[in-house]
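J.: If you scroll down you'll find the structure; I have some questions about it.
The values are calculated or read from the model by the stated rules, or taken from the named source; none is laboratory data. This structure is a prediction, so every number in the text was calculated from the model and none was measured. Reconstructed Cβ throughout: ideal geometry from the backbone, glycine too, with neighbour counts over all protein chains shown.
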Amino acid sequence: MRLPRHIAILLDGNGRWALNRGLTRPQGHRAGGETAKRCTRNCHALGIQALTLFGFSTENWNRPMEEVQALIVLLEEYLYDIAWELAENNVRLRLSGRIAQMPSRIHQAIAFALQKTAGCTGMILNLAINYGAKPEMVDAANAALGAREKSINSSAPAREFFHLDQEGFRRFLYAPDLSFPDLLIRTSGEQRVSNFLLWQIEEAYYYITSTLWPDFDLQELWQAILAFQRRCLQPSRESQPAKEK
């Protein structure tokens, strides 16, 4: 039975999980970080080719400063912790987002994790950090304009034939070499995509679970994959014979 090549997950519900247990929101985020590690292990064991986790959005900066600072600390710890395990399991780390706008302590942690996993050739863990789909498309458009300007100013004979189609635009996205997600999972029951991978999820199957992210386990992952497989077995509308008039 076909497995999704690329799973993308909106990690939602850390705050509610903590509130339900009389804990602080940072404690909920810490529990969510442990779930992210566990989910990565499970996807690797199942043979998934790529996993994208929405770790920190551009909208997260609008949260209370105390919570933002706690998220930054947890993200730094997570990157250092996960780097060793990823390297041991041949999992390569990738980053998507406006990384340059993150604090220097995050840059150092990212550099360490990327260096540790640089030679890995197995599953790709793509962390969306300071990520938003609209900012990604704006950045891609600006990069394409820069490439066009460079082409116009070059002495290449074909400079006037610079043309951008959908595949060409894809080259300027944050992770252009990654396959687009086959399966998008959102925890906590929310039924929206929250500015996540808007370009990339056009053909993805959606799976929404009411389970809060810290409680998302292997059984939940299997349920999402089984739902994906059932839907893949359904004939598409295009393949169904036309009804006789």
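J.: Looking at ALA113, ALA83, ALA70, which one is out of contact with any strand residue (DSSP E or B) (no Cβ under 9 Å at 6 or more places or on another chain) and either assigned to a helix (DSSP H, G or I) or among the charged types (D, E, K, R) (or both)?
T.: The match here is ALA70.
Residues are listed down the side, and each one gets a yes or a no for (1) at pLDDT 95 or above; (2) aliphatic (A, V, I, L, M); (3) closer than 29 Å to GLY13 by Cα; (4) part of a helix (DSSP H, G or I):
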site	(1), (2), (3), (4)
GLU136	yes, no, yes, yes
ALA144	no, yes, no, yes
GLN191	no, no, yes, no
LEU197	yes, yes, yes, no
GLN200	yes, no, yes, no
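J.: Exactly one condition in (1) surrounded by 20 or more Cβ atoms within 10 Å (Cβ to Cβ); (2) on the phi < 0 side of the Ramachandran plot; (3) touching a helix residue (DSSP H, G or I) at 6+ places or on another chain (Cβ under 8 Å); (4) not in a helix (DSSP H, G or I) is false for ASN130; which is it?
T.: (2)
J.: Now for a separate question. Could you give every pair whose Cβ atoms fall below 8 Å, whose first residue belongs to the range 108-123 and is free of Cβ contacts under 8 Å to residues at least 12 places away in the same chain, and whose second residue is among the hydroxyl-bearing types (Ser, Thr, Tyr) and assigned to a loop (DSSP other than H, G, I, E, B), counting only separations of at least 6 or pairs across chains?
T.: Taking only residues 6 or more apart or on different chains, not a single pair turns up.
J.: Just to verify a result, which residue in the range 82-110, among those that are touching a His at 6+ places or on another chain (Cβ under 8 Å) and farther than 16 Å from TRP61 by Cβ, is surrounded by the most Cβ atoms within 10 Å (Cβ to Cβ)?
T.: VAL91
J.: With respect to the numbered conditions (1) touching a Leu at 6+ places or on another chain (Cβ under 6 Å); (2) buried (at least 20 other Cβ atoms within 10 Å of the Cβ), which one is the sole condition not fulfilled by TYR206?
T.: In the conditions (1) touching a Leu at 6+ places or on another chain (Cβ under 6 Å); (2) buried (at least 20 other Cβ atoms within 10 Å of the Cβ), TYR206 misses (2) alone.
J.: Being within 18 Å of LYS134 (Cα to Cα) and at pLDDT 95 or above is the filter; apply it to the range 174-183 and report the residue that is surrounded by the most Cβ atoms within 10 Å (Cβ to Cβ).
T.: Ranking the qualifying residues of the range 174-183, first place goes to PRO181.
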